[in-house]
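See structure below.
Each value in this text was obtained by applying a stated rule to the coordinates, not by laboratory testing. Just so it is clear, the structure is predicted and the values come from calculations on it, not from any experiment. As a convention, Cβ positions derive from the backbone with ideal geometry for all residues, glycine included, and neighbour counts pool all protein chains shown.
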Ligand SMILES: NC(=O)c1ccc[n+]([C@@H]2O[C@H](COP(=O)([O-])OP(=O)(O)OC[C@H]3O[C@@H](n4cnc5c(N)ncnc54)[C@H](O)[C@@H]3O)[C@@H](O)[C@H]2O)c1
């Protein structure tokens, strides 16, 4: 078997700790392009591992193109397992790809990253690793986390018994920039791969892996801290663009301008660019909010309070946009939605993913339920159980939430339809016929600007489109 040989250090075997939205797809793509490397993806969540090993149609994560790649490599050089110990023992390189949510209690609650899963991964690596192991931070982490990881690993280097003095580690930062919904394409054709570290031999080893399918020029190397910080800053900049255009959507509604036209006019300036200027109900997903909050926490810890409040503003606008939409819906329905039937089209935080973490739908649904509305919820990829878990975890809204797979049936006798996710199947619905099934006066709220106003004009539907000053 041929292997990657860099100045004497060979990478034959990789372990990835964390079989989530990042670990699963990332390792599948590496396995596809590096058929000579054995990759074990480990997780403490036995159900998740079971479904990674189960039917390709029901992998734990939905991403276009993912199941095809898993089918190609699973059981050949890609394995999903709960055997953390042996997977680490065999590995020359270990990716840490575990969750790094915001702390919910204690010092920094609500802002700082909860690093317990990163620390436990480092402790497992330090305990089980054999020989020289490259440890790669794939999770998004506060700047300087590598110091913590190094300190845990170093203690095991020192404690290791004298028979094997070769237990050594090298720590790299290699943050992941994939976006859910386009993860496979992002991994196959990334804008860049970022590797931060101090040890050139290890950097080269990781570089060799990526250069199997990615152009060398796209592989950027920096010091550890620049790499860790760049990931947080990249997400902060992306979220900033969403909050910027969302703030503009409100100005458009108040003035008769159209945010889509404004975004196009502004985005064609090459200094600004057209990407990530889509207005909507605010960003969701597991990353933007937590990464900005973490950035805010870091700034405050460094005494940079002005900088902290600048970035905090991005989150404030995001929350405000969701509150604004909820209030508009209630207001248009005569200020009273008690007992009214509102159809929610889309529960995932964006199209082409089944991820609901921080989805704007969660907050808006709970607000509408709080006003005693009945919600009929549809999503092509999110299961009923997950939806109920998110909005009815305290069983407060039993009988007020109906899950309906059939859109036409969902709309029967509805007072309003609220489009929350830009799924392809919602773009060309036959409103000329569908609206006839609704109770009059009926409303369509389009928070994703996916409906043609011209078509709606041919119906008696009342129409509100986010950022469209011409809609009612
Ligand atoms: N989801 C994204 O779009 C995305 C994109 C880029 C970066 N990131 C970052 O990547 C990291 C992972 O994100 P994710 O979305 O894949 O999270 P996830 O919650 O989907 O997956 C993390 C997995 O790690 C497992 N885990 C935790 N501790 C473990 C341990 N000690 N041993 C074995 N398994 C363990 C969990 O059970 C879980 O299945 C986060 O830091 C996130 O910020 C996420």
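Computing FRET efficiency as 1/(1 + (r/R0)^6) for residue 208 and residue 154, where r is the C-beta to C-beta distance and R0 is 30 Å, gives about 0.70.
Every pair of different Cα atoms in the range 311-375 enters the Kirkwood calculation, which places the hydrodynamic radius at 12.7 Å. Each peptide in 356-368, 219-231 gets a packing score, the mean of other Cβ atoms within 10 Å over its residues, and the list from highest to lowest is 356-368, 219-231. By the count of other C-beta atoms within 10 Å, a proxy for reagent exposure, 214, 272, 328 are ordered fewest to most as 272, 328, 214.
From most to least packed by mean Cβ count within 10 Å, the peptides 431-442, 76-87, 460-471, 47-58 give 460-471, 76-87, 431-442, 47-58.
Label positions at residue 404 and residue 247, each projected 7 Å from the Cα along the C-beta direction, are separated by 3.9 nm. For the Cα atoms of the chain, what angle does the longest principal axis make with the long axis of helix 200-210, in degrees from 0 to 90, nearest 10? Between helix and principal axis, roughly 50 degrees.
Return 348, 126 ranked ascending by Cβ neighbour count within 10 Å, so the fewest neighbours appear first.
Ascending Cβ contact count within 10 Å gives the list 126, 348.
At q = 0.13 Å⁻¹, what log₁₀ I(q)/I(0) does a Debye calculation on the Cα points of the chain give, no solvent, two decimals? Values returned for q = 0.13 Å⁻¹ are -1.22. Distance between the modelled labels on residue 47 and residue 304, one decimal in nanometres: 4.0 nm (7 Å Cα→Cβ projection).
Compute the FRET efficiency between residue 460 and residue 383 as 1/(1 + (r/R0)^6), taking r as their Cβ-Cβ distance and R0 = 30 Å, and round to the nearest 0.05. Each step should come with its number before you reach the end.
On the way: r = 35 Å, r/R0 = 1.16.
Taking R0 as 30 Å, the efficiency between residue 460 and residue 383 is 0.30.
Take the Cα of residue 191, step 7 Å toward its Cβ, do the same at residue 109, and the gap between the two points is 3.7 nm.
How much FRET efficiency would the formula 1/(1 + (r/R0)^6) give for residue 371 and residue 198, where r is the Cβ-Cβ distance and R0 is 56 Å, rounded to 0.05? Working shown, then result.
On the way: r = 56 Å, r/R0 = 1.00.
In this case the efficiency is close to 0.50.
Any chance you could give the angle, 0 to 90 degrees and rounded to 10, that helix 23-33 forms with the longest Cα principal axis of the chain? Approximately 60 degrees, to the nearest 10. The Cα-based radius of gyration of the range 99-149, divided by its Kirkwood radius, gives an Rg/Rh of 1.02. Distances between every pair of Cα atoms in the range 4-222, grouped in 10 Å steps from 0 to the bin holding the largest one, split as 8, 35, 38, 17, 2 percent.
Return one quarter of the surface area of the convex hull spanned by the alpha-carbon atoms of the range 333-472, equal to its mean projected area, in nm².
On the way: hull surface 31.0 nm².
One quarter of the hull surface, i.e. the mean projection, equals 7.7 nm².
With viscosity 0.692 mPa s and temperature 37 °C, the Kirkwood radius over alpha carbon pairs of the range 216-332 converts through Stokes-Einstein to a diffusion coefficient of 207 µm²/s.
The C-alpha atoms of the range 407-472 occupy a region whose extents along the principal axes are 27, 23, 17 Å, arranged from largest to smallest.
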